Amino acid sequence: MQQFVQSDVLGSIFEAPSRYTDLCVVDSRVRDNTCTAFDRLHRQPVTVKRINRPFDRIEAVRYAYQQVRLAGELQHSNLIFLHDIYISPTEDIYLITELHGVPLGGLLKDGPLDPALAQFLMYQILRGLKYIHSAGVMHGDLTPSKLFVDRNCDLKLSDFHIDREADSNGTDHTSIHYESPEIMLAWSMYDVGVDIFSAGCIFAEMMLGKPLLPGKDPAQQLDFAVRLLGTPPQWMIQNGSIPKLTSRSWFGYQPRRISSIFAHHNLEAVNLLDSMLLFDPRERITADDALTHPYLERYHDPSDEPVAARKFDWTFKEAQIPEATWKWMIYSEATRYHTEQSH
């Protein structure tokens, strides 16, 4: 029987097995229910991610199960590695991962990145996206705050948000700056193309030192996008579910002007960016193809850009599962994970 110890981390109570000590935060707040700790068993610092009260409602417990499954099954050097899963006495779920590096968003506060660093980081973002997309998984909320860079400039993706509406922990308020048009328009369904557009926005910010599309709400964000990318296809607007946006005329805008905004940047970098920031998700370059782009030739190595061994099993999303069964499934995942660790 595990012994749990409560720790007050800047007014937020974390419950951890006794092997995890010295819980604290790396900045002035408990970011996204996350703190750091020291793992006494393996003698190393770790990151502790809490999913609050997931068993209170069916949407939250489904989201929690999804997060637990994704964290356990997706294994790649550009993804944050999961060390442990446990459920506290108050039934919060905790994911213990390798220690996060510095959020890319923190680096971008100082202005544009060195071109060589931006190139290396962009390669790693796309390498990670190739892997998760091959598994039939999209990130769904890719922002600089979800990308972590260590002292060796190695980059890792974290915090998948596929079921955005079910995330009871909240999302970064700046996420809107990196949303694809189909998310701005609140499409009922979208695919991995949303990650490519978001990655393009992050790429642009690494070059500019500021958000490319700094909207404050979906209407303003889409207006920024249209002014940059030209008139969107009418069918994309009609697929939206926000009347304020779908009823508005989006015709008469100037054609794309990405090349003029980035006129003083590397031409190959601008060409890759241009292929990522397209309104039609079907026309955006894929992560796999982007890795073969001349801009990334310096790092591209087909033998070191793995894909998933199998597709992630999403059948649970459509299943009519009672809340008690969801709870049992999550406990089973945590127990199975501990069993595998002990062998």
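Please give the helix 267-276 orientation as an angle from the longest Cα principal axis of the chain, in degrees from 0 to 90, rounded to the nearest 10.
So the inclination is approximately 70 degrees.
Relative to the longest principal axis of the C-alpha atoms of the chain, give the angle of the C-alpha long axis of helix 323-342, reported between 0 and 90° and rounded to the nearest 10°.
It is inclined by approximately 80 degrees.
Please compute the net charge surrounding residue 71, taking Lys and Arg as +1 and Asp and Glu as -1 over other residues with Cβ under 11 Å from its Cβ.
-2
Which value in deg cm²/dmol, rounded to the nearest 500, describes the helix-derived mean residue ellipticity at 222 nm for the chain, given -39,500 (n - 2.57) per DSSP H run of n ≥ 4 and division by the residue count?
Taking each H run of at least 4 residues, the total per residue is -10500 deg cm²/dmol.
In the range 274-343, which chymotrypsin sites (Phe, Trp or Tyr not before Pro) fall in coil by DSSP and have 14 or fewer other Cβ atoms within 10 Å?
Hits after loop and neighbour filter: 314.
In degrees, nearest 10, range 0 to 90: what is the angle between the Cα axis of helix 58-73 and the longest Cα principal axis of the chain?
Result, in degrees: 90.
Can you give the net charge of the other residues whose Cβ lies under 10 Å from the Cβ of residue 56, counting K and R as +1 and D and E as -1?
So the surrounding residues net to -1.
Would you mind counting up the charge near residue 287? Only other residues with Cβ under 14 Å from its Cβ, with Lys and Arg at +1 and Asp and Glu at -1.
After counting each charged neighbour, the total is -2.
So how far, in whole Å, is the C-alpha centre of the range 169-236 from the one of the range 261-290?
Each part's Cα centre sits 14 Å from the other's.
Quick one: 241, 275, fewest Cβ neighbours within 10 Å first, how do they rank? Mind showing how you got there, number by number?
On the way: 241 10, 275 17.
The order, fewest Cβ neighbours first, is 241, 275.
Provide the gained length on full extension for the span residue 208 to residue 289, in nm with one decimal, where the gain is 0.36 nm per separating residue minus the Cα-Cα distance. Let's see the in-between values first.
Values: separation 81, 0.36 × 81 = 29.16 nm, distance 2.41 nm.
That pair, residue 208 and residue 289, stretches by 26.7 nm at full extension.
In what sequence do 195, 141, 289 fall when counting other Cβ within 10 Å, fewest first?
289, 141, 195
Expressed in nm to one decimal, what extension gain is obtained for the pair residue 13 and residue 109 from 0.36 nm per residue of sequence separation less their Cα-Cα distance?
Using 0.36 nm per residue and subtracting the Cα-Cα distance, I get 31.6 nm.
Read-outs throughout are calculated quantities, based only on the coordinates presented, and are distinct from any laboratory measurement. Bear in mind the structure is a predicted one, so any value in this text is a computation, not a measurement. Every residue, glycine among them, receives a Cβ derived from its backbone with ideal geometry; neighbour counts consider all protein chains shown.
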